[in-house]
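Presented below is the structure to which this report refers.
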Amino acid sequence: MNTIAMILAGGEGTRLTVLSEERAKPAVPFAGKFRIIDFTLSNCVNSGIYTVGVLTQYRPHSLNDHIGIGKPWDLDRSRGGVRLLQPYQARKGQNWYAGTADAIYQNLNFIQNSRADNVIILSGDHIYKMDYRPMIDYHIARGADLTIGVMPVPIEEAFRFGIMAVDEEQRIVQFFEKPKDRDKGNLASMGIYVFNANILERRLSEGRPDKPRNDFGKDIIPAMIAAGDSVFAYRFEGYWVDVGTIDSYWATSLELLQPNAALDLYNDQWPMHTKSEERPPAKMGPQAKVATSMISNGCVVRGVVTNSVLSPGVYVSPGAVVQNSVVMNDTWIGPGARLDKVVIDKQVVIGAGAVVGEGNEATVNEQMPDRLTNGITVVGKGAFIPEGARIGRNVLINSGRDETAYPDDKIVADGKTI
């Protein structure tokens, strides 16, 4: 049977604060040289799925440039391959995507033209390795109309996911989209759906235009269960993380540095592909000390880097210390600067002797008390931190900030935003 993939990659990702301010969440750099969407794209081709639609909407330029014609993933094909699907306006009323299901509905012609028997719908903002073929086989063997990839999550995190109840045959009997009550359980949707293509088209078309079903979790899945469709759960036991928050993004990045990391990026049996820039090898100066870190191509390290991830082109000056941090492309860290528990976007300049990430982790960010709470300071793309500045914990420095944004004493207290 012919299976195609549709990747939902248009999310704004507001919980990542300034990291997704100028790009869609799937385009956020991760693990040094990769972007978040690389994992889903690589899973597709490693699973033998070579017809892939990528549905973009929010600030798609960075994502479009990254994917291009799909060559790094062997998706630059005359038949099949990758197709970037953006919302458009037409006489028949096509418009911005109103939700996950509406995004697929507006691109039913792509599915029909592909003559797909099954459609696997994926999120472009999760970090995981998964062979989709066993799930597709499971779906076909049960004659399912819809199969949802599931795994248990910590009960305190259940409110972030679609939660379901299943019977002894793994048929889904109840589905709750992001429930506030903890008594609904913790068996969570991974945002991975395998649909029978004909059923998908039928269910998406029902109710339009008067009562459109715009979202899978809120509309389509509950309606299918209520209608008696065959909806099954497929339990996944591998590694899967939603890096949709600063805490999760930072922790997942640093987990890669452990000797037996749950996500193995060095297994050539399941390679992760990406669009790589031509850069020289990483270079260590005579005073450099590097431990438990990832150092990408084009980096020059003349200071100390421990327990950190450096994307391509980062420069660490002599006397500078970077620890417990994620530093993105082409950031310059001046002599004697110190960074601890910081996430830094691209092209940031950190002046000599500046200290970023010191103070009281318990002081949450005043403007984002639900997003910056665990001591992580975030610096936006292209920001400038002056020489000798002292930046506290849970601080947010917005993109493009220059020296005029700082107080005269160059001290930014814990929990402040610039």
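Laboratory data are not the source of any read-out in this text; all were calculated from the coordinates shown. The structure displayed is predicted, hence computed values, not measured ones. Cβ placement follows ideal geometry from the backbone for every residue including glycine, while neighbour counts extend to all protein chains displayed.
For this structure, a couple of remarks:
- Fewest-first ordering of Ile49, Ile220 by other beta carbons within 10 Å of each residue's beta carbon gives Ile49, Ile220.
- Peptides 79-85, 296-302, 324-330, 253-259 ordered by average Cβ neighbours within 10 Å, highest first: 324-330, 296-302, 79-85, 253-259
- Length-normalised contact order for the chain - Cα pairs under 8 Å, 6+ apart - percent: 12 percent
- Every helix of 4 or more DSSP H residues in the chain counts as -39500 (n - 2.57), and over all residues that averages to -4000 deg cm²/dmol at 222 nm.
- Value of D in µm² per second that Stokes-Einstein yields for segment 283-412, Kirkwood Rh from Cα pairs, at 10 °C (1.306 mPa s): 111 µm²/s
- Of all DSSP beta bridges in the chain, antiparallel share, percent nearest 5: 30 percent
- At q = 0.07, 0.08, 0.12 Å⁻¹, base-10 log of I(q)/I(0) for the chain (Debye sum, equal scatterers on each alpha carbon): -0.36, -0.47, -0.99
- Given in Å, the Rg to one decimal and the Dmax to the nearest whole number for the Cα atoms of segment 257-358 are 13.7, 44.
- Under 28 Å from Lys129, Cα to Cα: lysines that are on another chain or at least 8 residues apart: Lys25, Lys33, Lys71, Lys178, Lys184, Lys218, Lys275, Lys341, Lys346
- Remark: relative contact order (segment 114-228) = 31 percent; criterion is Cα-Cα distance under 8 angstrom and separation of 6 or more residues.
- Measuring how big segment 1-158 is from its alpha-carbon positions, Rg and Dmax come out at 15.8, 47 Å.
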